[in-house]
Amino acid sequence: MTNLLRHHLFWPVAALVALLVANTVASPSFLAITVRDGHLFGAPIDILRTTAPLLLVALGMTLVIATRGIDLSVGAVVAVSGAVALSYISSSPDPDSPGTVLTAVALALALCLLLGVWNGFLVSVLGIQPIIATLILMTAGRGVAMLITGGMITTVNSGPFKVLGSGFWFGLPVAAVLAFGVFAVVAFVVRRTALGMLLEATGINPSASRLSGVRSKTLTWTVYAASGLFAGLAGLLISADTMAADANNAGLFIELDAILAVVIGGTALSGGKFNLSGTLVGALVIATLERTVTVVGISPLVTPLFMALVVIAVTLLQSPRMRERLTAATRRPVATTPPEPQPAARPDSTEVKAR
Amino acid sequence: GNETGGGGEPAAADDGVITLGFSQVGAESGWRAANTKSIQDTLTADNGFDLKFSDAQQKQENQIQAIRSYITQGVDVIAFSPVVETGWDAVLQEAKTAGIPVILTDRAVDSDDETLYESFIGSDFVKEGEMAGEWVVEQYDGEGYKAVELQGTTGAAPAIDRKEGFESAIEGSDVEIIDSQTGNFTRAEGKTVMEGFLNKHDDIDLVFAHNDDMGLGAIEAIEAAGMTPGEDIKIVTIDAVKDGMQALVDGKINYIVECNPLLGPDLAEVAQKVIAGEEVEKRIVVKDEAFDQAAAEEALPTREY
Amino acid sequence: MTQQTAPPVVEMTGISVEFPPVKALDGVDFHLRPGEIHALMGENGAGKSTLIKALTGIHSPTEGTIRVDGVERRFTGPADARTHGVSTVYQEVNLCENLTVAENIMLGAEPRLLGGLHWRAMRREAATHLKRMGLSIDPASSLGSHSLAVQQLVAICRATVGDCKVLILDEPTSSLDSDEVAHLFTVMRALRDDGVAILFVSHFLDQVYEVSDRMTVLRNGRLVGEFVTADLPTAELVQHMIGRSMDVLEAAEHVVERAGRPAGTTPLLQVVGLGRKGSVQPFDLDLYQGEVVGLAGLLGSGRTELARLLTGADRSDAGQTRVAGKVARLRTPRAAMDLGIAYTSEDRKGEGVVDGLTVRENIVLALQARRGWMRPLPRKQVDELVASYIEQLGIRPANPEALLRNLSGGNQQKVLLARWLATAPQLLVLDEPTRGIDVGAKAEIQKLVADLAVDGMSVVFISAELEEVLRISHRIAVMRDRRKVAEIDGGGATMDQVVDLIAGGGAA
Amino acid sequence: MTTSAPARASRAWKIPTRLDRRYLPVVGTFVVLALMLVVGGSRYDNFVSPAVVSNLFINNAHLIVLAVGMTFVILTGGIDLSVGSVLALSTVVTAALLQAGWPTAVVIPLAVGAGTVIGLAHGVMVHYFQVQPFVATLAGMFFARGLCFVIAPESIAIDDASFVSLASWVQIFGGWRMSSGVLIALIVVGIGFLVLHFTRFGRTVYAVGGGEQSALLMGLPVARTKVLAYVVSGTCAGLGGLLFAMYSRSGYSLTGVAMELDAIAAVVIGGTLLTGGTGFVLGSVLGVLVLGLIQTIITFEGTLSSWWTKIVIGVLLLIFVALQRVLSLRRT
Ligand SMILES: Nc1ncnc2c1ncn2[C@@H]1O[C@H](COP(=O)(O)OP(=O)(O)OP(=O)(O)O)[C@@H](O)[C@H]1O
Ligand SMILES: Nc1ncnc2c1ncn2[C@@H]1O[C@H](COP(=O)(O)OP(=O)(O)OP(=O)(O)O)[C@@H](O)[C@H]1O
Ligand SMILES: [Mg+2]
Ligand SMILES: [Mg+2]
């Protein structure tokens, strides 16, 4: 029990479960999943699909936050990505050809990667504080997206592109498969290579890391680029979802949701130790929370209030102070054995000479 | 002319060119972009205008600042679409003192002093909601329809007014709104909210969306749930942008009430009249049509936005 | 001088502190009397700092009582302790680098004018405090612009401001040189004579013997006993501390092969006219394989700066470096690392430890960084490596997964050393590597350095402890006023000779 | 060995104290601001006129107050995302209560007090529950916005005579205009400056930002200081709301969306480090003026489409930050 309570994912998972329970109470068939045409359907599947873009953005955000940074520009990058891809498709003679769509996707992702590199440049080379560096792109990026679409919502009809939004692979929504797949790959790479540790070291003590030979600048640069790329992919999923590129509203406030997901997942904004599984749970919590508002039927007037209370509840329960309380209440008496064995051989030499 | 000296007295249109300062709310939607385009395309040098345009990015303080700046620059006419209805007395008073006439577009201001502005050109949001509601009642009254509502941004004037209009129109009929949630005027949120509704209720007959975009999002959700929009679930929206009209023609939307963004010509006309010293109407309600499928088919080819 | 009869001003009985699963203190009794300097002794990780923190309310003991002036108290924190006359200088320098020296000293007891801070008076008072400590720095300068040693002295100044009955100094002398130490001791004695009770922690036994009246020894979180300094021979003290007799204690005197450096071969590192404006004047230095070169100098003489130029931590703006005969540009620590040059900073907290990572991660950090992120060290290899260093250096707790921030100061230092040893560099630049390390481990490290040199590693060794430098070095470069003023052979050098050079009396 | 002390002394004092490094970012900001005025003045007629400069202050009085509060929080190493929402809440409270006929003298302290209470809640969450400031204040942001909607979703005009007369008080001297809002804002700046530089609380704010653990071990009242910093920020947001209500004579629940970013940007542009411990209130004021000036340039440009507006704001911000960075980097 104690171990369970102390586990860093306990409260986020508890929150997720609580939300699912609330939904099921409000709508008993909530958890039901049906199979239609070999595909899975139902609210949980919807949630997986709506989590997808947020998960991608939060993934990049986690890495950025690990290096003590923050990326406010992801929302704008989402908008740019959709705008580029859809503008390309809609202006191409054959929107239905896979070639067109692939080019559009590649174009959008390349541009977003570039935007990420730009952020990385400002932060790691010019040394501008991350929040301001990315604020620049947050403002200008949306302008660029609007410039591309002319401020209108660009709509396309393209079979291959629609697959991204509403297609199915292995019975699951393509968006979810993609996002969770990318997430898994990145998590694997980060944890199986030394990348995670080096990122954490950079975030905890940049000067010590530098002296230890960690290429902090390159790493910092890389995570911003990655964040841009993931946000770009998220932008494609979002625009494919409605087959429309809305430069004004696509990804609006997604940076806040992503940061919230990261924090709910137990990663501190002060950098250092990060926790990708926590981010995953955090993203699911937020997507479910949004769904809950509709299913439970909370009036739009009190929705922000409701959100605030949930966030406050989760963060308070997760706070170190509360954990202490809870673990103190459930702790077994500590064994009174000496801390650890004496080091085996200890050369008994000392310098006792007076100066 | 492009007088910038001193502020104070407006430079009368002695050279025949009217300098007009226009402060737009922002560029929050396709509708707004069309609105901006209409104004920019109409108030051209060819038509005898020198347009100064600024985008307030949805911030009242930016808009007040822009208006003040127009006053200092001494434009001939100021026009703007207020971000909010209230809070304009002080700055409008300044414009009045400076002798610069003010024209409101799209959204009204809430002020006791009607002399602060010359005219208000725009749609009547309550009326739009009513038109939508009336059509619904006319079509489906007596069938016990259960409706869900996709609201606009919480607190925004069109959202409040359209809701009010729709509700008042369906009063007395047996159409019932069983759920209502905000979709923030966007397709993406319209879709997610509709998904939620579909999870929760299995007896939805009708969707009333405060704009086309949310309606289009709802269509996606309904299709994904394996139902046919326009048949299994009827859809009524407001705005009549091109995409919405296309959906109406395709039978996925059943009825659209127009909210006309093409205010440019009206604005140009009123501005000219005001400068010429002619009397103008205080309230110019832009004629909003409503389209069913047949009307849409006819209108779609010439749709500008 | 000791007032045997005076009732203790601090009386701690049966104190236990736990950091599950570690029991850092187990039923420790401790008494501190007014007008005495009381040394708290023990190995790294024995629980000295923890005892101090338990007293001042940072850790709350699970058992035991604390009485101050006869009244039972549990302080809520340093602020509370201070209002009751207990002032503390903790082990790591805990001051605010972004504030001025004056603020760091006076904040909390600042002079006021019309209800606000009286800056002029504050600076004036701070200046007098600084002077008492023998420091003549500008009180209006920001603390961060000063070296660690100066900061440590400032921290001590701060503790003596206002009326304190109890002054606690946790390893205050770890980065001071003899000059400053002497000054500090004068101040401490003066305070003691005024009736202040002083608790003093140090790993320098000679200092302890010089200044303390009484000592309490801890081992493994348990009390060994309280002794009158004069009555306790050094050998016995060490035995109490490390828990075994000192038969095997060999004089560390000859740990280094004092054979002259291999002549004729090209130097491993050859530096000509290397310098940096505002930091170190251009200097020449040759380093041969298998050689230990000590840097001697006063506080602020520029030893650290020189070391940083050698290792790419700072960029030089003049001169040339050759590594193994080839011109090398050491623009970053990474570039230096790739050439086999490693540097441990003297600033353990700021530039050394990555305190949020585990012991294991800290040890492999540099090695891993050099391999690049794509080639992770195999887990098995890491575990073996880490285990061997934990054993070799006596790092405790011997748990590779412990967070570094939970280690005692001395053990953190050992981990840092392990990090660099793990990279097996050709040239290792050690800046105060034995800071805060206990007697046993210090000798072990000295021996290690000597062994490494025998195996062909070159070492640059900086220490505030001149004796250590003398003992270990083949050659000693003497620094004064940010200039290299002399280079002498370590074998023949005597203490007096070096001191003379340092102070500026010798040949420049 | 006695030679060492004087030798060291001479060296220490020799280091020239031209311009304290800490002031460089602020000076940088100031220089760039001046530069922008000059460039603007040469590009647009009437740009550098008393009217424009006065308007710069009048339009941004509320933001100045927000930035002052934000400076306190950021100096401690925290952040306050709620200020935009709290500002909105304060305008809504003001408008709603005035509409309900409450006297101005009661409404004003209530509106400001609402901010204080929310700030206090943030402080308690951040300090006692160790919730990260970003999250605590993000929750506060939702909470305040939610409260706005609950009180009144639609905008409420303020026509209370005494409030309007207070709001429309303007002093004019030769082209320069000073509104009551600007006066209040300047007073707040003055108080903020005095508090930060001449009180123990103020210096402790810096100390906490420099290192919370260190400040704690130095025996400084960290808890109180941190909580108080959020209280200051909350109060400033409440006051900012009041100023905004005076400025716009209305209360509206959607006011100040994303205004926290403006406030943060202003503070950071003004040379304050987000990691805490370094920065100045006056820098933040300069930061607000920079943002205001960017907006003014946009208006004067007069032909920018909505998207170019955004892009130009971004580019100006970039030029600005880069210039400031270059100016303050030239130190050693
Ligand atoms: N915050 C903490 N969490 C967990 N363990 C801790 C913590 N602080 C100290 N310890 C453990 O308590 C023990 C005693 O540490 P302490 O710092 O008191 O040693 P010390 O005697 O001061 O050693 P040193 O001479 O190295 O400074 C060590 O084993 C250390 O790992
Ligand atoms: N007593 C002092 N007065 C003024 N400045 C000092 C003093 N002591 C040190 N400094 C400052 O310390 C810095 C140089 O210290 P540095 O660390 O390079 O020397 P060091 O020889 O390595 O001494 P340390 O023993 O502190 O490591 C300079 O910034 C110098 O201004
Ligand atoms: Mg210790
Ligand atoms: Mg040094």
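In segment B:229-243, the residue that is nearest to the other protein chains (Cβ to nearest Cβ) out of those that are of a type in the set (A, V, I, L, M) and under 18 Å from B:Asn35 (Cβ atoms) is B:Val241. Within segment C:392-414, residues that are more than 8 Å from ligand 1 (Cβ to nearest atom) reach partners that are polar (S, T, N, Q) with beta carbons closer than 8 Å, at six or more positions or on different chains, in the pairs C:Gly394/C:Asn44; C:Ile395/C:Asn411; C:Pro400/C:Thr358; C:Glu401/C:Thr358; C:Leu404/C:Thr358; C:Leu404/C:Asn362; C:Leu404/C:Gln412; C:Lys414/C:Asn44.
Table: residues versus (1) out of contact with any helix residue (DSSP H, G or I) (no Cβ under 8 Å at 6 or more places or on another chain); (2) at pLDDT 90 or above; (3) within 14 Å of chain B (Cβ to nearest Cβ).
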{"site": "A:Ile238", "(1), (2), (3)": "no, yes, yes"}
{"site": "A:Ala244", "(1), (2), (3)": "no, yes, yes"}
{"site": "A:Ile254", "(1), (2), (3)": "no, yes, yes"}
{"site": "A:Val262", "(1), (2), (3)": "no, yes, no"}
{"site": "A:Met307", "(1), (2), (3)": "no, no, yes"}
{"site": "A:Val311", "(1), (2), (3)": "no, no, no"}
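Restricting attention to segment D:91-103, the residues being within 23 Å of D:Leu63 (Cβ to Cβ) and away from chain B (no Cβ under 14 Å) number 1. Quick one: is C:Ile137 buried (at least 19 other Cβ atoms within 10 Å of the Cβ), assigned to a strand (DSSP E or B) and among the β-branched types (Val, Ile, Thr)? So C:Ile137 does not fit the description; no. Only helices (runs of 4 or more DSSP H) wholly contained in segment C:375-486 count here; list those with 2 or more residues that are within 16 Å of the chain's Cα centre (by Cα) and more than 16 Å from ligand 4 (Cβ to nearest atom). The qualifying helices (runs of 4 or more DSSP H) are C:409-421, C:439-454. Going through (1) within 29 Å of A:Ala313 (Cβ to Cβ); (2) at the interface with another protein chain (Cβ under 9 Å from one of its Cβ atoms); (3) more than 17 Å from the chain's Cα centre (by Cα); (4) in a helix (DSSP H, G or I) one by one, D:Met141 falls short only on (3). Hey, any hits in segment A:100-121 for a residue that's within 14 Å of chain D (Cβ to nearest Cβ), buried (at least 24 other Cβ atoms within 10 Å of the Cβ) and out of contact with any Phe, Trp or Tyr (no Cβ under 8 Å at 6 or more places or on another chain)? Yes; the residues of segment A:100-121 include at least one that is within 14 Å of chain D (Cβ to nearest Cβ), buried (at least 24 other Cβ atoms within 10 Å of the Cβ) and out of contact with any Phe, Trp or Tyr (no Cβ under 8 Å at 6 or more places or on another chain). For segment C:346-353, the criterion of a residue being within 16 Å of ligand 1 (Cβ to nearest atom), at the interface with another protein chain (Cβ under 10 Å from one of its Cβ atoms) and assigned to a loop (DSSP other than H, G, I, E, B) is satisfied by at least one position.
Annotation: of all residues in segment C:436-448 being more than 10 Å from chain A (Cβ to nearest Cβ) and surrounded by 24 or more Cβ atoms within 10 Å (Cβ to Cβ), the one that is farthest from ligand 2 (Cβ to nearest atom) is C:Ile437.
Among the residues of segment C:160-195, write down those that are in contact with a Pro (Cβ under 8 Å, 6 or more places away or on another chain) and within 15 Å of C:Ala81 (Cα to Cα). Even if it seems obvious, please write down each step before you answer.
Here is the first cut: in segment C:160-195, the ones in contact with a Pro (Cβ under 8 Å, 6 or more places away or on another chain) are C:165, C:184, C:195.
Answer for segment C:160-195, where residues must be in contact with a Pro (Cβ under 8 Å, 6 or more places away or on another chain) and within 15 Å of C:Ala81 (Cα to Cα): just C:Lys165.
With the structure loaded, tell me whether A:Arg142 is within 22 Å of the chain's Cα centre (by Cα) and away from chain D (no Cβ under 14 Å) or whether it fails that test. The answer is no for A:Arg142. Residues of segment C:76-117 that are acidic (Asp, Glu) and in a loop (DSSP other than H, G, I, E, B): C:Glu92, C:Glu97, C:Glu110. As a summary of the residue check, C:Thr76 satisfies the conditions (1) surrounded by fewer than 24 Cβ atoms within 10 Å (Cβ to Cβ); (2) within 16 Å of ligand 2 (Cβ to nearest atom) except for the one numbered (2). If you go through segment C:281-311 and keep only what is within 16 Å of ligand 2 (Cβ to nearest atom) and part of a loop (DSSP other than H, G, I, E, B), you end up with C:Leu298, C:Leu299, C:Gly300, C:Ser301, C:Gly302, C:Thr311. Out of all the residues in segment C:356-372, is one or more modelled with pLDDT of 90 or more, more than 16 Å from ligand 3 (Cβ to nearest atom), of a type outside the set (S, T, N, Q) and not in a helix (DSSP H, G or I)? Among the residues of segment C:356-372, at least one is modelled with pLDDT of 90 or more, more than 16 Å from ligand 3 (Cβ to nearest atom), of a type outside the set (S, T, N, Q) and not in a helix (DSSP H, G or I), which makes the answer yes.
Kindly establish whether C:Leu153 is closer than 15 Å to C:Ala464 by Cα, more than 11 Å from chain D (Cβ to nearest Cβ), away from ligand 3 (no atom under 16 Å from the Cβ) and out of contact with any strand residue (DSSP E or B) (no Cβ under 6 Å at 6 or more places or on another chain). Walk me through how you get there before you give the answer.
Values: closer than 15 Å to C:Ala464 by Cα: yes; more than 11 Å from chain D (Cβ to nearest Cβ): yes; away from ligand 3 (no atom under 16 Å from the Cβ): yes; out of contact with any strand residue (DSSP E or B) (no Cβ under 6 Å at 6 or more places or on another chain): yes.
Yes.
Total residues in segment A:284-302 satisfying the condition of being free of Cβ contacts under 8 Å to residues at least 12 places away in the same chain, more than 7 Å from chain B (Cβ to nearest Cβ) and touching a helix residue (DSSP H, G or I) at 6+ places or on another chain (Cβ under 7 Å): the figure is 2. Assessment of segment D:239-251 against the conditions (away from chain B (no Cβ under 14 Å) and more than 22 Å from B:Gln63 (Cα to Cα)) yields no matching residue.
Before we move on, is A:Leu305 of a type in the set (A, V, I, L, M), buried (at least 18 other Cβ atoms within 10 Å of the Cβ) and free of Cβ contacts under 8 Å to residues at least 24 places away in the same chain?
Values: of a type in the set (A, V, I, L, M): yes; buried (at least 18 other Cβ atoms within 10 Å of the Cβ): yes; free of Cβ contacts under 8 Å to residues at least 24 places away in the same chain: yes.
Against the criterion (of a type in the set (A, V, I, L, M), buried (at least 18 other Cβ atoms within 10 Å of the Cβ) and free of Cβ contacts under 8 Å to residues at least 24 places away in the same chain), A:Leu305 qualifies.
When segment D:183-209 is limited to residues that are more than 17 Å from D:Val267 (Cβ to Cβ) and touching a Ser or Thr at 6+ places or on another chain (Cβ under 8 Å), the one that is nearest to the other protein chains (Cβ to nearest Cβ) turns out to be D:Ala207. Within this structure, C:Gly278 fails the test of being at positive phi, surrounded by fewer than 19 Cβ atoms within 10 Å (Cβ to Cβ), away from ligand 2 (no atom under 15 Å from the Cβ) and free of Cβ contacts under 8 Å to residues at least 60 places away in the same chain.
Yes/no matrix, rows are residues, columns are (1) more than 16 Å from ligand 3 (Cβ to nearest atom); (2) free of Cβ contacts under 8 Å to residues at least 40 places away in the same chain:
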site: C:Ser174; (1), (2): no, no
site: C:Val181; (1), (2): yes, yes
site: C:Val187; (1), (2): yes, no
site: C:Gly195; (1), (2): yes, no
site: C:Val208; (1), (2): no, no
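Of the strands (runs of 3 or more DSSP E) entirely within segment C:164-222, those holding at least 3 residues that are over 23 Å from C:Gly108 (Cα atoms) occupy C:214-219. Looking at segment C:172-190 only, could you name the residues that are buried (at least 24 other Cβ atoms within 10 Å of the Cβ) and within 16 Å of ligand 4 (Cβ to nearest atom)? Passing the criteria: C:Thr173, C:Ser174, C:Ser175, C:Glu180.
Filtering segment C:16-42 down to residues that are in a loop (DSSP other than H, G, I, E, B) and modelled with pLDDT of 90 or more, which residue is nearest to C:Gln91 (Cα to Cα)? If we take residues in segment C:16-42 being in a loop (DSSP other than H, G, I, E, B) and modelled with pLDDT of 90 or more, then C:Gly42 is nearest to C:Gln91 (Cα to Cα). Applying a threshold of 7 Å to beta carbon distances and a minimum spacing of six or more residues, or different chains, the list of pairs starting in segment B:53-77 at a residue that is at the interface with another protein chain (Cβ under 7 Å from one of its Cβ atoms) and closer than 23 Å to A:Thr139 by Cα and ending at one that is assigned to a loop (DSSP other than H, G, I, E, B) and among the polar types (S, T, N, Q) reads B:Phe53/D:Thr303; B:Gln60/D:Thr255.
The values are calculated or read from the model by the stated rules, or taken from the named source; none is laboratory data. These numbers were taken from a predicted model, which means no experiment stands behind them. A quick note on method: Cβ atoms are made from the backbone with ideal geometry, for glycine too, and the neighbour counts reach across all protein chains shown.
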